[in-house]
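Values quoted throughout were computed directly from the atomic coordinates according to the rules given, and no laboratory measurement underlies them. Keep in mind the model is a prediction, meaning the values are calculated, not measured. As a convention, Cβ positions derive from the backbone with ideal geometry for all residues, glycine included, and neighbour counts pool all protein chains shown.
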C-alpha cells in the first residue's frame, strides 16, 4: 500500500464518520465510522480481538460500521485514531494477501 492509498483510507474513514449526537447519557461521547472495504468481514475479524467494551462493530456487504463510546473527548479521539490506523493496516494486509 502506498502512502497515497493509506491516506485515502484514513480520509475515507474521516469522510464517512459522523458524530452520534443523540445520547441518553450526555456525559458520554460517541462516534460512528462507516468505512468501505473489499472484504469487510475479514477486516472485522482482524480488529475484533482489540475491541474493548467501548467499541462495537457490524458489517454488511461492503462496509464496516464501528461505533465508539468514551467518557472523555480525549479518550474518544485516541480510540478513533487507533481504530483508523487499525482499519488502514487491515486493508493493507488484505491487499497483500490478494496479490499472492
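Odds and ends about this structure:
- Sorted ascending by nearby beta carbons within 10 Å, beginning with the fewest, 28, 96 become 96, 28.
- Model label points for residue 53 and residue 82, set 7 angstrom from Cα along the Cα-to-Cβ axis, are 1.5 nm apart.
- Two-site FRET efficiency, residue 96 against residue 32, from Cβ-Cβ distance with R₀ of 41 Å, rounded to 0.05: 0.90
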